[in-house]
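Student: Here's a structure for you.
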Amino acid sequence: MRRSQKSALLWMMPLGLLSACGGAPDAAGAEDALSERAQSLITAPPVPASGDIADSMLHVGTVAVGGSQQDGTSSLPGYYGYRVQVQAGSQLKLEVTHLGSSMYLDTGLFLYGPKDSNGSYGSTVLAQDDDSGYGQLSKVGLVTLPQGGEYLAVVGFTNGAGKQFRLQVDCVGGACLSNPQPAPTGHALTLLQRPITASLQASLDAANTVREDSISYLTAYDFAWPYSGVTTLDAAAAAVLAQGQYRGYRNDPSPDVLTYAQLETHMYGQFRPLHPAVLATYGNGTESVQVKQYFRAFSTGPNGDNWRTLNVILFPQSYKVVVYEQTAHEI
């Protein structure tokens, strides 16, 4: 479709539309080992009356970025917390490692913070994992922390009696890198989907009930950035279009490049409250946020025609890519 046709269709639409110590278990312990392997998901620690998750810890210690901490578990299920001091814009990997952790230990891993002026880490889980590590151990492969300060990494366990674990915290990108090199030419981003916040989801859900012929979708991603400088909008768009659900947009020969301010005028009316909310949620307040917009128009037969736009929003210093897709159709 030529750009003139694309623009005309967009503007003709009403704005309202618009680790481990080893060896096999002995025969006497085989039944216990099987039971331990079948442990259920380890949930986040209970929120105490104070609202500070640290008050739910059996033990609080400290671990440095680039370092590790090994501890023995208590005889009862519970949670151990570890203070982690980070710079703003750091990207971390947290892992309960195979090395230094007992066999068949089942863990959960959670991150809270940063600590506020009252000394509280709050109760909002920033990242969590149950079994992405070795066996039933836990690993958060990437978490981006726009704010600097002190965070609390929490290891939970249900079958920890007499066992040990080792928590490792590593820098994988962003401000915590000591000597980053420029990105290679033609670098590709690996996107890691994150759930959008409850408040954004509520706003989106409410707007999606306004008109049955106008629906929008919002998806957020992190990407690791172990280089100096920032990535490009083209690299962010290529990573999004590489996903199968967006393959139809690859046929747009001339996608538009917008500023974030310009994006608001392209959003359907009932969804425009999302515009400042997305910026406040994912931006750092100073970075230049850019948008690449793709368009699709196709006939659906007797039920009318569809128009769809895909907006790839890059937050280059916060290491976020947000996808805002909107659809409209004649009924």
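Student: Averaged per residue, what accessible surface does the range 110-180 expose to a 1.4 Å probe, in Å²?
Tutor: Values: 2780 Å² over 71 residues.
With the other protein chains kept in place, the range 110-180 gives 39 Å² per residue.
Student: Note down the relative contact order for the range 113-231 as a percent, whole number, built from C-alpha pairs under 8 angstrom at least six residues apart.
Tutor: Values: 101 pairs, mean separation 30.6, N = 119.
Once divided by the residue count of the range 113-231, the mean separation gives 26 percent.
Student: Something else: Using the structure shown, select from K93/K115; K115/K163; K93/K292 the pairs with a Cα to Cα distance greater than 25 angstrom.
Tutor: Details: K93/K115 19 Å; K115/K163 30 Å; K93/K292 29 Å.
Too far apart for the 25 Å limit: K115/K163; K93/K292.
Student: Compute the semi-axes of the equivalent ellipsoid of the chain, taking the square root of 5 times each eigenvalue of the Cα gyration tensor, and list them largest first in whole Å. Spell out each step's value before the answer.
Tutor: Numbers: eigenvalues 375, 93, 78 Å².
After scaling each eigenvalue by five and taking roots: 43, 22, 20 Å.
Student: Now for a separate question. Provide W307, W225 ordered by accessible surface of protein heavy atoms (probe 1.4 Å), highest first.
Tutor: The ordering from most to least exposed comes out as W307, W225.
The values are calculated or read from the model by the stated rules, or taken from the named source; none is laboratory data. These numbers were taken from a predicted model, which means no experiment stands behind them. Just so you know, the surface numbers come from the protein's heavy atoms only, side chains and all, with ligands and any DNA or RNA stripped out. Shrake-Rupley method; radii C 1.70, N 1.55, O 1.52, S 1.80 Å.
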